[in-house]
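The values are calculated or read from the model by the stated rules, or taken from the named source; none is laboratory data. For clarity, every value in this text was computed on a predicted model and none was experimentally measured. Backbone-built Cβ (ideal geometry, glycine too); neighbour counts: all protein chains shown.
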Amino acid sequence: MKVTVCGAAGGIGQPLSLLLKLSPYVTHLALYDVVNAPGVGADINHIDTDVVVSSHLPQDDGLQMALTNADLVLIPAGVPRKPGMTRDDLFAINAGIVRDLALAVATHAPNAMVLVISNPVNSTVPIVAEVLKKAQVFNPRRLLGVTTLDLVRANTFISQLSQGKLSSKQLNVPVIGGHSGETIVPLFSIGSPEFYQSLNDEQRDALVHRVQYGGDEVVQAKKGAGSATLSMAYAGFQLAERLMKSAHGDNESAKYASSFIYLDDRIPGASYAKEKLGVDYVSLPTVIGAEGIESIDSSILDKIDEHEEELLEVAIDQLKTNIAKGVSFIKGTAA
Ligand code: ADP
């Protein structure tokens with residue numbers, strides 16, 4: 001598979017590109033960035049795997065070269081979160097970057113699977129969708145907002161809280177909703193019912209809060225030097241690898257492959273979620289197949305406990321605003 005990383009020289013882009021260079025599913029890795037792509041490419045290209053690496057800057061049709069024949073496009077391009085900034089504060093800058101990259105995808109890689117990492121994902125995924133719709137190349141099965149880091153954090157944090165009694169590798173906590181603050185809803189009642197029941201309200205709330213605001217922990221610890229990059233690259237690679245495995249017919253479903261997606265009626269499970277939640281985009285567990293998203297497990301919405309129902313209500317409320325912001329950025333009607 002040809003895999004293109006747009007924003008490859010960045011904090012997320014570099015470790016993500018490193019992981020892709022190690023993947024047996026990648027044949028060609030195309031690294032695109034507005035700065036330093038050749039440097040990152042030269043470095044990664046010394047690694048002794050058979051993946052062919054090419055580097056591209058905007059000059060000399062670099063973006064077109066990077067995207068042509070791509071099977072998978074990962075987009076971490078943008079500016080990172082600084083202390084005190086929320087993901088939504090990033091909107092003004094990243095929205096334009098993502099729109100322009102989506103336009104190039106529509107022209108040069110209209111059939112590629114697109115994974116959006118640039119924040120705020122709740123808004124940037126609708127931006128990409130609207131651009132692809134306008135260009136009449138939108139395939140809802142192939143556009144995914146990467147929310148995997150929320151699942152990774154949910155597994156890690158409950159494991160840490162259990163002081164090692166629960167192994168994070170064996171956990172599979174579903175996380176639904178969106179990818180920013182209170183829009184993130186971890187479902188510990190499903191992912192780890194026994195341990196979850198043993199927590200008091202205060203412990204439970206602290207655990208949920210840690211998943212929702214896990215990114216802040218990293219932003220603060222890095223003191224202005226960036227946001228979550230290594231764990232984000234790991235999480236983005238997990239989803240990319242899952243898609244690549246499925247494209248190769250290897251469809252084991254060991255973990256929930258949740259992602260933030262457009263609820264298109266043609267995808268089984270989508271109409272139920274849309275009707276129940278009243279949004280066009282949401283993160284839910286999905287079944288991934290050779291063509292991308294095969295179906296959505298919206299039955300999970302009937303299994304959540306009362307407290308999580310309340311969290312989901314708050315999440316959906318905010319999500320509606322975030323989605324509308326992205327859609328109107330392209331449609332030109334001010335939100
Ligand atoms: P993060 O920590 O989120 O990865 P960085 O700022 O470290 O944030 O990385 C973002 C990367 O995106 C930078 O390397 C930047 O040059 C790149 N970038 C910014 N605008 C564009 C664009 N229009 N196309 C491709 N890459 C871009």
Output for Cβ contacts, cut-off 6 Å, separation at least six or different chains, first residue within 18 Å of Gln212 (Cα to Cα) in the stretch 304-327, second in a helix (DSSP H, G or I) and hydrophobic (A, V, I, L, M, F, W, C), reads Ile316/Leu277
Looking at the structure I just gave you, is Gly164 on the phi > 0 side of the Ramachandran plot and outside the structural domain of Ala92 (by TED's automatic domain parsing)? yes
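Residues Pro120, Pro140: which one is closer than 24 Å to Ala257 by Cβ and either more than 15 Å from the ligand (Cβ to nearest atom) or among the aromatic types (Phe, Trp, Tyr) (or both)?
Values: Pro120 fails: either more than 15 Å from the ligand (Cβ to nearest atom) or among the aromatic types (Phe, Trp, Tyr) (or both).
Being closer than 24 Å to Ala257 by Cβ and either more than 15 Å from the ligand (Cβ to nearest atom) or among the aromatic types (Phe, Trp, Tyr) (or both) holds for just one of Pro120, Pro140, which is Pro140.
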Residue count, the stretch 189-217 (criterion: within 16 Å of Ile304 (Cα to Cα) and either outside the structural domain of Asp302 (by TED's automatic domain parsing) or among the aliphatic types (A, V, I, L, M) (or both)): 2
Scanning the stretch 62-85 residue by residue, the ones that are away from the ligand (no atom under 14 Å from the Cβ) and either of a type in the set (Ser, Thr, Tyr) or surrounded by fewer than 22 Cβ atoms within 10 Å (Cβ to Cβ) (or both) total 4
Exception for Ala206 within (1) part of a helix (DSSP H, G or I); (2) more than 23 Å from Gln318 (Cα to Cα); (3) aliphatic (A, V, I, L, M) falls at (2)
Residues within the stretch 157-172 that are within 12 Å of Gly191 (Cα to Cα) and part of a helix (DSSP H, G or I), tallied: 4
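Answer yes or no: is there a residue in the stretch 120-129 that is in contact (Cβ under 8 Å) with a residue 24 or more places away in the chain, more than 23 Å from Tyr234 (Cβ to Cβ), β-branched (Val, Ile, Thr) and in contact with a Cys (Cβ under 9 Å, 6 or more places away or on another chain). Full working, then the answer.
Residues of the stretch 120-129 in contact (Cβ under 8 Å) with a residue 24 or more places away in the chain: 120-129.
Going one step further and asking which of them are more than 23 Å from Tyr234 (Cβ to Cβ), we end up with 123, 126-127, 129.
Add one more test, that the residue is β-branched (Val, Ile, Thr), and what stays is 127.
Checking which are in contact with a Cys (Cβ under 9 Å, 6 or more places away or on another chain) leaves us with none.
No, the conditions are met nowhere in the stretch 120-129.
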Output for the stretch 205-234, where each listed residue is farther than 14 Å from Gly13 by Cβ and among the hydroxyl-bearing types (Ser, Thr, Tyr): Tyr213, Ser231
Could you tell me which of the residues Ser231, Ser192, Ser227 is over 14 Å from Leu166 (Cβ atoms), of a type in the set (S, T, N, Q) and buried (at least 20 other Cβ atoms within 10 Å of the Cβ)? Ser227
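Looking at the stretch 32-61 only, could you name the residues that are touching a strand residue (DSSP E or B) at 6+ places or on another chain (Cβ under 7 Å) and either near the ligand (Cβ under 10 Å from one of its atoms) or of a type in the set (Asp, Glu) (or both)?
Once the filter is applied, which keeps residues that are touching a strand residue (DSSP E or B) at 6+ places or on another chain (Cβ under 7 Å) and either near the ligand (Cβ under 10 Å from one of its atoms) or of a type in the set (Asp, Glu) (or both), the stretch 32-61 yields Tyr32, Ala37, Val40, His56.
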Test: Val52 is farther than 20 Å from Val116 by Cα, surrounded by 15 or more Cβ atoms within 10 Å (Cβ to Cβ) and modelled with pLDDT of 95 or more: no
Could you tell me whether Ser283 is of a type in the set (Ser, Thr, Tyr), more than 15 Å from the chain's Cα centre (by Cα) and surrounded by 21 or more Cβ atoms within 10 Å (Cβ to Cβ)? no
Would you call Tyr25 within 7 Å of the ligand (Cβ to nearest atom), hydroxyl-bearing (Ser, Thr, Tyr) and in the same structural domain as Ala66 (by TED's automatic domain parsing)? no
